[in-house]
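Read the figures in this text as sums done on the coordinates, not as results from a lab. Given the structure is predicted, the values throughout are model-derived calculations rather than measurements. Glycine also receives a Cβ, built like all others from the backbone with ideal geometry; neighbour counts cover every protein chain displayed.
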Amino acid sequence: MTSPDCRPDGEGRIKCATVSAADVTAVVNSYKDYFGYKIIEDNFVSEAQATHWGATAMAGKRQVVMAPMSGTQVFIRIVENYNMPDYDYLKSYGWNGIEITVRDVEALHENLKQSPFEIIGVPTYMDFSDKIYPMQAVGVANEVFYLNQVRGDLPDYDLPMARSFVDHTFIMVLATPDMNDAIKFYVQNFGWAQGNEYFVKYSVINKAFELPEETPHYLSMTCVGRIVNNEIDQYPEATVPRNCAENKLPPGIAMTSFIVEDMDKVKATLISKPLRIDMAPYNGRRSACCIGNAGELIELIEAK
């Protein structure tokens, strides 16, 4: 029997992370076999949906929506995307990480050693808290995961405990040339808040750019009340804009979908007028897309 959702849809909730993939089946199987995810939808992108993304060439492409065994209604959507430009994960601006709450990161680390995932960071406590115990891995489509065993709330934030071995996305990681400028977009256009700011060594960034291990980087977050939804990382100067084929979704982690209470109160410039789509993650609700200050594609889904 499917468990109920862990909480209702509300302002700022991450609803879906979208991954571009040349081989959709391989990505789907990796999530099934190693995350325990299940298929919710398996169909094709409509012309209306592709136009709404600002990616008309995606019409007719296969898309698969998957969800954790916990029953939490937060999804990963895999969209077929061929002929993508050269893409190095963690080397370009935009969505660079999907952070998922997991039950036992040590056991997951062992499982992933014999898997299609590439482990790029072993389980390690964060410098600022022992409540967060993550590892990092790269999937079949060059999508980066922060797999995080949450061991309690932080003083200023509530973090979700996993209800299945690999549960749901709870933070998206954004790479930007200017942390404050990127955060300003969410504050000014959606009414969200900026969270705490940190200046800490960041192993996956340092490895990606071959920087000294102790090199610190600025990061902050966007949040709604005590719920964090984005980690905003200021990336090194060697980072480049993400190349995207004409009228297609970006490679890697292509887009993040968030819940908003009222689409009419959103101040950002929308790619197209809001429309209603019946399938998950929309379920008939109004949706529209916009572009953030780091070039990231953002999809908004109205809560009502």
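Structure data summary
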read-out: Of every Cα-Cα pair in the range 192-249, the percent that sits beyond 19 Å; value: 47
read-out: From phi via Karplus (6.51, -1.76, 1.60), per-residue ³J(HN,Hα) for the range 222-234 in Hz, x at Gly/Pro; value: 10, 8, 10, x, 9, 9, 8, 10, 10, 9, 10, 9, 8
read-out: Diffusion constant of the range 72-180 at 10 °C, which comes from Stokes-Einstein with the Kirkwood Cα-pair radius and 1.306 mPa s, µm²/s; value: 106
read-out: Rounded to whole Å, sorted largest first: equivalent-ellipsoid semi-axes of the chain, Cα gyration tensor; value: 26, 22, 21
read-out: Only Lys, Arg (+1) and Asp, Glu (-1) charged, at Cβ; the chain dipole about Cα centre in debye; value: 820
read-out: Taking the C-alpha atoms of the range 27-138, convex hull volume expressed per residue in Å³; value: 147
read-out: For His217, distant residues with modelled amide H under 5 Å away; value: Val200, Lys201, Tyr202
read-out: D_trans [Stokes-Einstein, Kirkwood Rh over alpha-carbon pairs] for the range 130-250, 4 °C, 1.567 mPa s, µm² s⁻¹; value: 81
read-out: Residue exposure sequence - Ser20, Ser257, Ser115 - by fewest surrounding Cβ within 10 Å; value: Ser115, Ser257, Ser20
